[in-house]
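Derivation of every value follows stated rules applied to the coordinates shown; laboratory data play no part. Predicted model, so just to flag it, every value in this text is computed and none were measured. A quick note on method: Cβ atoms are made from the backbone with ideal geometry, for glycine too, and the neighbour counts reach across all protein chains shown.
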Amino acid sequence: MTFLKLKKLPKSLLVVALTTATLGLTACGGSDAEETIDRIEAEYDRIADDVKDEYQRVEDKLNDDEKSMAEILESVFLPEESLDEFLDKLTPEGGKGGLYVGHFVELGDGDDDDVDIGAMYFDIPKDGAGSVDGRISYQQQPCQDNNTLATDSAVKVDNYLTGKLSGSLDTPEFLDIKYVNDLDIATPNILTTFDGSFKEGLTGEPWSGRFEYQDGLGGTELSSGKDNCNVSYTLGKQANYVTYPLDYQRGELMAKVIGIGSTARLVWTNPAGTAMTLVSQINVNEAGEGANGFVVNQLFKDNDPAGEFSPQVTDTPTNYAFVVQAFDADNRLLGYDAVVMDLPEAP
């Protein structure tokens, strides 16, 4: 298995998605659970050692620039303080930074009735190299818990992103999968890898890429696990994603916030052919500090030409990004608009 493959690219990184990912499990006890977790951790350590060994093998053949970029891949398995040490040494020019918000579309879940769209964002450094914060959310309705997958040791170099994703998802609707019955686990904790690149020259100049589950959970049906919150979905084996800067617009949605205080509402106009609209409320400050910036995500499935979303607002003025994304029946993006403002507004 090849974990690292480098070419003579003085200002770019050849992103290699690891072909093996592991599943971290939050167990409630029992020797079987402990043995399984030990086995998974041992396999993860083996992969980490292979990556480090492969880097060491080719190190002497690289020039200084290529060594620095090779270390980015190795760093996925190093402590964050080690990552920061050599990121400080890199100064290549690269893709634009900032808060990029968008969506993913799952592939290969085997469920034709499932909603395959979810919300995601990246907070990307403006420097040529640096750590990347981000979140992927499966929340479809406000009643659902705001569980996310978060970036872990993710990095940007030049026009490329790579890293890991981890976090808790909703509870399985069907409790006969082996992780629940055999290991007494209530909530799967996913660990996987992702990669992506900056599409300079494309409309909106997005960061886009893919992530993939190789842990056996593809096709597993999950639900909100809450009474009176009828949300269920099926995990896809992999997903493609695209994220845009907040000044990007498509489809003339004309999103705006009207009203004040508890009467504040986000309104917009759906483009013709809209089948679903995904609305995200993001705490910009939290997103920029590496915390979970998602306040709530809500998926509207009706075909009404106009939509309305009720923000969740505290008493303290906070900078929010409200992002509206409209899709057709084939999950193609028809419209994109964002409003960034403090709520509640100062008197």
Applying the Karplus parametrisation 6.51 cos²θ - 1.76 cosθ + 1.60 with θ = phi - 60° to the phi angles of the stretch 132-147, what ³J(HN,Hα) value in whole Hz is obtained for each residue in order, glycine and proline being reported as x?
10, 9, x, 9, 10, 10, 9, 5, 10, 9, x, 5, 7, 4, 8, 7
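With N residues in the stretch 247-347, what two-decimal value do you get for its Cα radius of gyration over 2.2 N^0.38 Å?
Working: Rg = 13.6 Å, N = 101, 2.2 N^0.38 = 12.7 Å.
The reported ratio for this selection is 1.07.
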Calculated from backbone phi, Karplus (6.51, -1.76, 1.60) coupling profile of the stretch 221-231 in Hz, x at Gly/Pro:
8, 10, 9, 5, x, 10, 5, 6, 9, 7, 10
Counting only residues 5 or more apart in sequence or on a different chain, those whose built amide H sits under 5 Å from that of V132 are A154, V155, K156
The pairs in K156/K237; K96/K164; K96/K256; K237/K301; K126/K237 lying past 28 Å Cα-Cα in this model are K126/K237
Taking amide H atoms as placed 1.01 Å from N in the peptide plane, list the residues 5 or more away in sequence, or in a different chain, whose amide H sits under 5 Å from that of V296.
Q281
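Net charge around Q140, counting only other residues with Cβ within less than 13 Å of its Cβ (Lys, Arg = +1; Asp, Glu = -1)?
Working: positive: K226, K301; negative: E106, D114, D116, D145, D170.
Counting the neighbours of Q140, the net charge comes to -3.
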